[in-house]
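Report on one structure; see the data block that follows.
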Amino acid sequence: MPELPEVEALAGFLREHAVGSVVGRVDIAALSVLKTFDPPITVLQGRDVADAARFGKHLALQAGDLWMITHLSRGGWLRWTDNPSAAPPKPGKGPLALRVHFFTPEGLTPAIDLTEAGTKKRLAVWVVHDPSEVPGIARLGPDALAVTEPEFAEILGSTTARLKTSLVDQALIAGIGNAYSDEILHVAKLSPFASSSKLDAESVATLYQAMRDVLTDAVARSVGQDAARLKGEKRSGMRVHARTGLPCPVCGDPVREVSYAERSFQYCATCQTGGKILADRRMSRLLK
């Protein structure tokens, strides 16, 4: 799932390539992607692209007085194409969900494709007058790169959830997902299962600095990248996430995994839990 650094980079990419153009035809390949119908998405046609922005993990494109808000979810992505097909896409064929054509001041006709891989379709698009009309944006906590350390400490102290859960809860802190929460906790040398409200002041300060360091580094590596290369850039910078069984870059011990529901997270027992192996709920169920 694209998280704060990738969505920030996509917003920057759109500001560079789409702002100043005019929205052309909007092709809908998957009607289910649209979560609003009034105003219809077709009213974007003919409007000037004024801005692009990020709200948590939501990507926003402003056209006139309207915003097209996208949440890419787990399998969604944005692709820029300089020479899109002139023929409208066939509904239900392939990963394409939505295509937005543009007319640039230079006379070019590029487009963005919103695509989604996998069978579970969760990509979502809203057309609104104000971004706060999108329920997910209205519920966002402070942005992970804007929250102050005292605010961060207060947020953690307000919940009994485990650290892993707190970091990915968008109502508490906006922008962090499964991947970067793994990285942040590894850098901070804290257990994903530690209780948020029981952290001492030193651990809170360490976690806050790790959050800022990991995210600012990822943003620096991502911003300016071509949209097609962002996924690879994200993977290349990971220390523990999606690296189960590989050596920890700090201590050399194998990275371990905990699976739950449809997700999993990775950690280093030596660096983060004092050598304790966290219970894998998937394996626990199999052994019952």
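The values are calculated or read from the model by the stated rules, or taken from the named source; none is laboratory data. Since we're looking at a predicted model, the values are computed, not measured. All Cβ positions, glycine included, derive from the backbone under ideal geometry; neighbour counts span all protein chains shown. What goes into the accessible areas is simple: the full protein's heavy atoms, side chains included, and nothing from ligands, DNA or RNA. Shrake-Rupley method; radii C 1.70, N 1.55, O 1.52, S 1.80 Å.
Couple of notes before you dig in:
- Scan of segment 130-180 for residues that are of a type in the set (Ser, Thr, Tyr) and closer than 28 Å to ASP51 by Cβ, ordered by number: SER132, THR148, TYR180
- A count restricted to segment 215-270 and to residues that are farther than 24 Å from GLU16 by Cα and at pLDDT 85 or above stands at 29.
- Selected residue (criterion: nearest to the chain's Cα centre (by Cα)) from residues of segment 95-133 that are under 13 Å from GLY75 (Cβ atoms) and among the basic types (Lys, Arg): ARG122
- Filtered residue count, segment 226-244, keeping only those that are open to solvent by 50 Å² or more (accessible area, probe 1.4 Å) and either in a loop (DSSP other than H, G, I, E, B) or assigned by the TED database to the domain that holds GLY75 (or both): 5
- Any hit, segment 4-17, residues being assigned to a loop (DSSP other than H, G, I, E, B) and open to solvent by 10 Å² or more (accessible area, probe 1.4 Å): no
- For the residues LEU185, LEU172, LEU207, the requirement of being closer than 22 Å to ARG74 by Cβ, open to solvent by less than 60 Å² (accessible area, probe 1.4 Å), in the same structural domain as ASP253 (by the TED database) and assigned to a helix (DSSP H, G or I) singles out LEU185.
- Candidates ALA210, ALA269, ALA201 - the one that is free of Cβ contacts under 8 Å to residues at least 60 places away in the same chain and in contact with a strand residue (DSSP E or B) (Cβ under 7 Å, 6 or more places away or on another chain): ALA269
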